[in-house]
Amino acid sequence: MKKIIATAAMAACAAVVTAQTVTSANIVGYTKVEAVGGELTLVALNFDAGSATLQDLLGTDLPALSGVFLWDKGTGAYVGSTLNTRGSWTPNLTVNTGDAFWVSTAGSGTNELILSGEVITDDVVVTLPAGIVATGYGYPVEKDFKDTQMASDLPSLSGIFLWDADTQSYAAWSKNTRGSWVGTGDPILAPSAGFWVDNAGSEVDVTEPVPFTP
């Protein structure tokens, strides 16, 4: 998915996040996302941004009349917001670590979004309710979903759906009764990727270990 660009990090003793390796702690990082007019992009906040709002995260980096559809994990439903012609998000939704949301970009050009915050250097707990949930991984790194704790903890017959911004379509994988994830290719999570999990069992709290050495 070329529309979600690799992670970079700045500050904190000149520490740098690159792919799977992070040095030092208290790292402030960012990920770049290309949002194309007339298309949908599914992203997630994989930083600790202190319960940032859409105004904090996106500001006016998108054209007026662009929209965001945030998946509310508590209610299991979307909450929508629109960037008005005065440059304000209405309503100005709060986005927490691990939240996933669609960006519906107005116009026809390509816009660069920068999602930033502190890189989490402790284990992250991801709650996966029964059924469908949109979520993030919790860390701004590229990761094969098959190598995550989520992949291990989800029961057989569960599935995941990754959005391909280039083709504007989903790629799907499922966990068979032998415990293997099957699908076409590898389910690679980009640093800012949001994705869907279809949990075939009961709610589970997954403890994702830090995928790098702080």
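The values are calculated or read from the model by the stated rules, or taken from the named source; none is laboratory data. Only a predicted model underlies this, so the values are computations on that prediction, with no experimental measurement involved. All Cβ positions, even for glycine, are placed from backbone atoms using ideal geometry, and neighbour counts span all protein chains on display. We work out accessible area using only protein heavy atoms, side chains counted, and drop any ligands, DNA or RNA first. Shrake-Rupley method; radii C 1.70, N 1.55, O 1.52, S 1.80 Å.
When segment 145-170 is examined, which residues are found to be of a type in the set (Gly, Ala, Ser) and over 12 Å from residue 197 (Cα atoms)? Even if it seems obvious, please write down each step before you answer.
Within segment 145-170, the subset of a type in the set (Gly, Ala, Ser) is 151-152, 156, 158-159, 165, 169.
The answer is 152, 156, 165, 169.
Scan segment 175-214 for residues that are touching a Gly at 6+ places or on another chain (Cβ under 7 Å), of a type in the set (S, T, N, Q) and open to solvent by 50 Å² or more (accessible area, probe 1.4 Å) and the total you get is 0. Checking each residue in segment 153-170 for being aromatic (Phe, Trp, Tyr) and in contact (Cβ under 8 Å) with a residue 60 or more places away in the chain picks out only 163.
Out of segment 132-190, which residues are of a type outside the set (Phe, Trp, Tyr), outside any strand (DSSP E or B) and closer than 21 Å to residue 69 by Cβ?
Initial filter on segment 132-190 (of a type outside the set (Phe, Trp, Tyr)): 132-136, 138, 140-144, 146-160, 162, 164-169, 171-172, 174-180, 182-190.
Now drop any that are not outside any strand (DSSP E or B), which leaves 136, 138, 140-142, 146-158, 165-168, 176-180, 184-187, 190.
Once the filter is applied, which keeps residues that are of a type outside the set (Phe, Trp, Tyr), outside any strand (DSSP E or B) and closer than 21 Å to residue 69 by Cβ, segment 132-190 yields 136, 138, 165, 166, 167, 168, 190.
Going through 130, 100 one at a time, which residue ends up being among the small types (Gly, Ala, Ser) and in contact with a Leu (Cβ under 7 Å, 6 or more places away or on another chain)?
Details: 130 fails: in contact with a Leu (Cβ under 7 Å, 6 or more places away or on another chain).
Just a single option satisfies the conditions, and that option is 100.
Scan segment 74-93 and tell me whether some residue there is touching a Gly at 6+ places or on another chain (Cβ under 8 Å), open to solvent by 30 Å² or more (accessible area, probe 1.4 Å) and under 16 Å from residue 192 (Cβ atoms). The answer is no, given that none of the residues of segment 74-93 is touching a Gly at 6+ places or on another chain (Cβ under 8 Å), open to solvent by 30 Å² or more (accessible area, probe 1.4 Å) and under 16 Å from residue 192 (Cβ atoms).
Within the span defined as segment 19-36, one or more residues are assigned to a loop (DSSP other than H, G, I, E, B), over 17 Å from residue 116 (Cβ atoms) and either at pLDDT 95 or above or not small (Gly, Ala, Ser) (or both).
Could you tell me how many of the residues in segment 119-146 are over 17 Å from residue 99 (Cβ atoms) and open to solvent by less than 10 Å² (accessible area, probe 1.4 Å)?
Kept after step one, since they are over 17 Å from residue 99 (Cβ atoms), are these residues of segment 119-146: 121-123, 130-131, 141-146.
Then drop every residue that is not open to solvent by less than 10 Å² (accessible area, probe 1.4 Å), which leaves 141, 145.
Summing the residues that are over 17 Å from residue 99 (Cβ atoms) and open to solvent by less than 10 Å² (accessible area, probe 1.4 Å) in segment 119-146 gives 2.
Determine whether segment 153-161 contains at least one residue that is closer than 17 Å to residue 46 by Cβ and either in contact with a Gly (Cβ under 9 Å, 6 or more places away or on another chain) or open to solvent by 20 Å² or more (accessible area, probe 1.4 Å) (or both). Before the answer, list the steps.
Of all residues in segment 153-161, those closer than 17 Å to residue 46 by Cβ come to 160.
Filter once more, keeping what is either in contact with a Gly (Cβ under 9 Å, 6 or more places away or on another chain) or open to solvent by 20 Å² or more (accessible area, probe 1.4 Å) (or both): 160.
Checked segment 153-161: at least one residue is closer than 17 Å to residue 46 by Cβ and either in contact with a Gly (Cβ under 9 Å, 6 or more places away or on another chain) or open to solvent by 20 Å² or more (accessible area, probe 1.4 Å) (or both).
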